[in-house]
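Below is one structure, written out as structure tokens, with a few remarks after it.
None of the figures in this text is laboratory data; all of them are computed from the coordinates on show. In this text, all values refer to a predicted model and were calculated from it rather than measured experimentally. All Cβ positions, even for glycine, are placed from backbone atoms using ideal geometry, and neighbour counts span all protein chains on display.
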Amino acid sequence: MKLDSSLSAIVTGAASGLGEATARALAARGVRVAIFDLSAERGEAVAREIKGLFCKVDVTNEASVDAGFAKARAAHGQERVLVNCAGIANGFKTAFRDRESGEARHFPMADFERAIQINLIGTFRCIAKSAAGMLALPVLPEGDRGAIINTSSVAAEDGQIGQAAYSASKAAISGMTLPIARDLMNEAIRVNTILPGIFATPLLAGLPTKVTDALAATVPHPKRLGLPEEYAALALSMIEIGYLNGACVRLDGAIRMAPR
């Protein structure tokens, strides 16, 4: 699919991090971009800078997502590109002893469910609604009607201690990639997923330098954190390469995460 001003795109979680980098990269190619995010102040600022559109969207809420798609399509037309970057990370052991009291505790179920609701169900909700909208579009000369990119994580394959909920949600995103690509194969809509490793995102920005340096040292090569722009470059390539479909690609410097 050729990326130019004839296309519109929606990027979730695009007020910062991987989503922001992707929104900026798409806009630089002339694509009309709508940002779905809960962070209105930051999302509006990014949208202004890229001459895009901000839509305040909670991916766990059906009505909020519907309103976001309606607003984006009213402004830019039906999207041919969806990039799902909205997500959260949390961490608790499945069962553990309280450090002070020694009392037995377990992973708070509300936190487990929240990770699944945002990372997995939120991603699928946006995929289903975007794909349904794409069905009304004609197939482009290159053979595509649309392209969808999802964000999993290396934790889907080598999750660390405390990452049961996060790993489960991300593994499910990877696991549903091929079935969804098969669901949509006769509609000329491609679906691919990126599994990022350790990236320099706002999540890590607040950590001390010695901590981020230690994380970078665990990457085989190159020994640094991934750059959001590298994620964006892979996302754009996945959109452009018409033969790439149903794939889950690690972007991680060859890292394999240790237990902790």
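Lysine pairs in region 8-251 with alpha-carbon atoms under 19 Å apart, 8 or more places apart or on different chains: how many are there?
Taking the Cα cut-off of 19 Å, the pair count is 6.
Only helices enter the 222 nm calculation for the chain: every DSSP H run of n ≥ 4 contributes -39,500 (n - 2.57), and dividing by all residues gives -12500 deg cm²/dmol, rounded to 500.
Rounded to the nearest Hz, the phi-derived 3J(HN,Hα) couplings of region 73-89 under the Karplus curve 6.51 cos²θ - 1.76 cosθ + 1.60 (θ = phi - 60°) are 6, 5, 8, 10, x, 4, 6, 9, 10, 10, 10, 9, 10, 5, x, 9, 10, where x marks glycine and proline. Which aspartates and glutamates have a Cα lying under 15 Å from the Cα of residue 2, excluding residues fewer than 8 positions away in the same chain? Hits, sequence-local ones excluded: 79, 142, 144, 240. The convex hull drawn around the Cα atoms of the chain, when projected onto a plane and averaged over every direction, covers 14.3 nm².
For region 1-40, the mean projected area of the C-alpha convex hull, equal to one quarter of the hull surface, is 2.6 nm². Across the chain, the relative contact order, built from alpha-carbon pairs under 8 Å that are at least six residues apart, equals 20 percent. Packing order of peptides 180-189, 96-105, 111-120, 206-215, highest average first: 111-120, 180-189, 206-215, 96-105 (average count of other Cβ atoms within 10 Å over each peptide's residues).
Computed from backbone phi with θ = phi - 60° and the Karplus coefficients 6.51, -1.76 and 1.60, the 3J(HN,Hα) list for region 184-192 is 9, 4, 7, 9, 6, 10, 8, 9, 9 Hz; x is used for glycine and proline.
Derived scalar couplings between HN and Hα for region 148-162 equal 10, 10, 10, 10, 9, 5, 4, 5, 5, 10, 9, x, 9, 3, x Hz in order, rounded to whole Hz, by the Karplus curve 6.51 cos²θ - 1.76 cosθ + 1.60 (θ = phi - 60°), x for Gly and Pro. When the scattering of region 115-260 is computed by the Debye formula from its Cα atoms alone, each counted once and equally, what is log10 I(q)/I(0) at q = 0.18 Å⁻¹? Results for region 115-260 at q = 0.18 Å⁻¹ read -1.06.
Put simply, the amide H of residue 245, placed in the peptide plane, has no neighbours under 5 Å, leaving out anything fewer than 5 places away on its chain. Distance between the 7 Å Cα→Cβ label points at residue 132 and residue 97: 5.1 nm. Gain in length, residue 28 to residue 6, computed as 0.36 nm per residue apart minus the alpha-carbon separation, to one decimal in nm? My answer for the length gained is 6.6 nm.
In terms of other Cβ atoms within 10 Å, 177, 218, 94, 22 run from fewest to most in the order 94, 218, 177, 22.
The DSSP beta bridges internal to the chain are antiparallel in roughly 10% of cases. Descending by average beta-carbon neighbour count within 10 Å, the peptides 55-66, 139-150, 243-254, 164-175 line up as 164-175, 139-150, 55-66, 243-254, the highest first.
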